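Visitor: For reference, the structure I am asking about is given below.
Each reported figure results from applying straightforward, stated rules to the coordinates on display, with no laboratory input. Since this is a predicted model, take the numbers as computed values, not measurements. Don't worry about glycine lacking a Cβ; one is built from the backbone with ideal geometry, like all the others, and counts go over all protein chains shown.
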Amino acid sequence: MANQVLIQQDGTFSQYSVNYHRLVLDTYSFVEAWRRYRGLREFSSELITKLAAATRWLNLMVNDENGNVPNIGANDGAKIIPLVDYDY
């Protein structure tokens, strides 16, 4: 399964990019909302554990004072659903 190679146990994401790390969490959040709406089978406990670790990893990258993260790796401003019109 994709989650076995894309997200490691420590929460790191396979792509060297804080932006794409956020994007994968955004994507899973969107899929979870859709899964609940459709009444589909829950994610595996392994995936939930990895997503929690990935969330903690990203939280460690966020500057508490301004919400910025280091611009590490690819950053094209990708968003699954652009809800706001902010610069990336």
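Visitor: Using a Förster distance of 22 Å, how high is the FRET efficiency between Gln15 and Leu83, based on the Cβ-Cβ distance and rounded to 0.05?
Guide: Numbers: r = 22 Å, r/R0 = 1.01.
Efficiency, rounded to the nearest 0.05: 0.50.
Visitor: Using a basic spin-label model with each label point 7 Å from the Cα along Cα→Cβ, how many nm lie between Ser45 and Asn63?
Guide: Distance between label points: 4.0 nm.
Visitor: Dimensions of the chain along principal axes (Cα, Å, largest first)?
Guide: 37, 29, 23
Visitor: Now for a separate question. Please identify every one of the GluC sites (Glu not before Pro) in the chain that sits in a loop by DSSP and has no more than 15 other beta carbons within 10 Å of its own beta carbon.
Guide: Passing sites in the chain are Glu42, Glu65.
Visitor: So if a site counts as exposed when it's one of the trypsin sites (Lys or Arg not before Pro), its DSSP state isn't H, G, I, E or B, and it has at most 15 other Cβ atoms within 10 Å, what's the longest stretch of the chain without one? Each step should come with its number before you reach the end.
Guide: Details: sites that count: Arg41, Lys79.
Within the chain, the longest run free of exposed trypsin sites (Lys or Arg not before Pro) spans 1-40.
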